[in-house]
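Note sheet for the following structure.
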């Protein structure tokens with residue numbers, strides 16, 4: 001289980017990126033993290049992974065996250081963390097050497113599924129292919145907790161749909177995926193739980209099953225939570241019309 | 001580019017160190033060269049022949065390895081660029097920070113630059129030893145200045 005206790009993060013000592021985050025998630029969950037741009041989604045993930053300093057406590061099965069247990073976490077980011085000069089085959093060698101639980105079969109299967117060339121440097125692939133490589137590496141590291149930050153950027157709709165189905169098929173029951181995305185409607189069928197973050201604070205944490213039992217959808221729930229006014233556009237257009 | 005600069009710098013360093021050879025050769029160290037010295041002794045002038053001393057070892061070796069600090073600087077720049085490569089164009093530093101060994105990143109960034117510095121130092125030591133051996137064994141006895149010493153830092157002088 002990953003536990004966050006009163007996690008706070010400030011940039012330059014002034015900007016509050018995270019304010020008192022309390023969150024926990026266990027094995028086998030697929031969690032969607034939603035929030036507007038600048039809400040703190042990426043900051044939250046990077047604090048969990050130890051890539052940013054923070055105040056508070058983040059534990060993995062009761063222990064602080066150190067180099068001894070960090071391999072249980074993997075990270076796929078839209079910033080890209082692959083080695084650009086290495087080929088996919090070389091990435092597999094590197095990961096197999098440094099991550100004892102590297103999933104070779106899954107890696108080869110996903111590379112084949114996305115039709116990615118194994119012997120070309122990743123920097124020579126298209127942006128969409130590079131995004132696929134990034135996600136594949138995160139899924140195949142052998143981690144128990146897989147953090148994906150906007151993993152679908154650059155994927156076309158067909159690739160995304162195939163990917164959702166694939167994700168549900170390849171994941172083992174003990175693997176947890178913590179996924180941040182803006183594509184709420186698309187991932188509703190994929191995730192078990194939705195966590196909403198706004199201005200560094202968690203404003204909602206709900207199981208998708210519970211929303212469905214209430215006869216609502218995740219999109220409606222998020223809109224309600226954010227106080228989204230569906231008529232704001234028509235109101236604004238009416239104002240533009242009247243001033244002209 | 002940096003690797004090419006390093007290789008070129010090593011060749012240039014070896015080439016400029018041959019300045020010792022031309023300076024040493026100019027001293028004609030293997031020839032018995034004398035000069036006459038007049039001395040007044042016991043009320044009369046006498047003329048004696050004394051061997052002409054060659055230049056000191058320090059002066060012959062001055063600056064022959066002055067490119068070594070440049071090589072060290074280039075190796076440091078290469079190390080810096082190696083570290084930077086994990087931040088740009090991708091953030092592969094995120095992967096390196098998940099490795100069990102904290103030294104893997106430093107090993108990848110520093111191994112070659114440190115090796116290169118050691119190679120350059122080794123070349124300087126080997127060439128310097130050869131030049132010192134030549135100075136003491138190829139020079140006609142009596143022409144080596146008294147109290148000869150070696151100041152290593154002068155070999156790096158500009």
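What follows is calculated from the coordinates using simple rules that are stated; it is not laboratory data. These figures come from a predicted structure and were not determined experimentally. Note that each Cβ is placed from the backbone with ideal geometry, even for glycine, and that neighbours are counted across all protein chains shown.
List of remarks:
- Cα-based shape type of the range B:2-156, given that a ≥ b ≥ c are square roots of the gyration tensor eigenvalues and the cut on a/c is 1.5: prolate
- Angle in degrees between helix A:88-98 and the longest Cα principal axis of chain A, rounded to the nearest 10: 80
- Inter-label distance for residue A:19 and residue A:236, nm, one decimal - labels placed 7 Å from Cα along Cα-to-Cβ: 2.5
- Beta bridges by DSSP in the protein assembly as shown, antiparallel share as percent, to the nearest 5: 60
- Theoretical ellipticity at 222 nm over chain A - DSSP helices of four or more residues, -39500 (n - 2.57) apiece, nearest 500: -10500 deg cm²/dmol
- Principal-axis tilt of helix A:232-243 within chain A, Cα atoms, nearest 10 degrees: 50
- Rounded to the nearest 10 degrees, the angle from helix A:104-113 to the longest Cα principal axis of chain A is 60 degrees.
- Distance between the range B:50-105 and the range A:1-72 - C-alpha centres, whole angstrom: 39
- In this calculation the C-beta distance from residue A:11 to residue A:66 is compared with R0 = 22 Å, giving a FRET efficiency of 0.35.
- Relative contact order (%) - chain A, alpha-carbon pairs under 8 angstrom, separation at least six: 26
- Residue A:97/residue B:14 FRET efficiency (R0 41 Å; Cβ-Cβ; nearest 0.05): 0.60
- Cα→Cβ-extended label distance, 7 Å offset, between residue B:140 and residue A:199, nm: 9.5
- Nearest-0.05 FRET efficiency for residue B:88 and residue B:59, computed from C-beta distance (R0 56 Å): 0.70
- Across the range B:2-156, the mean sequence separation of Cα contacts (distance under 8 Å, 6 or more residues apart), normalised by length, yields a relative contact order of 37 percent.
- Taking 7 Å steps out from each Cα toward its Cβ at residue B:5 and residue B:122 produces label points 2.4 nm apart.
- In plain terms, the residue of A:67, B:66 with the fewest other Cβ atoms within 10 Å comes first and the most crowded comes last, giving A:67, B:66.
- Helical contribution to [θ] at 222 nm, DSSP H n ≥ 4, -39,500 (n - 2.57), averaged over chain B, rounded to 500: -17500 deg cm²/dmol
- Candidates B:142, B:128, B:63, ranked by Gaussian network fluctuation over chain B, Cα under 10 Å, top entry: B:142
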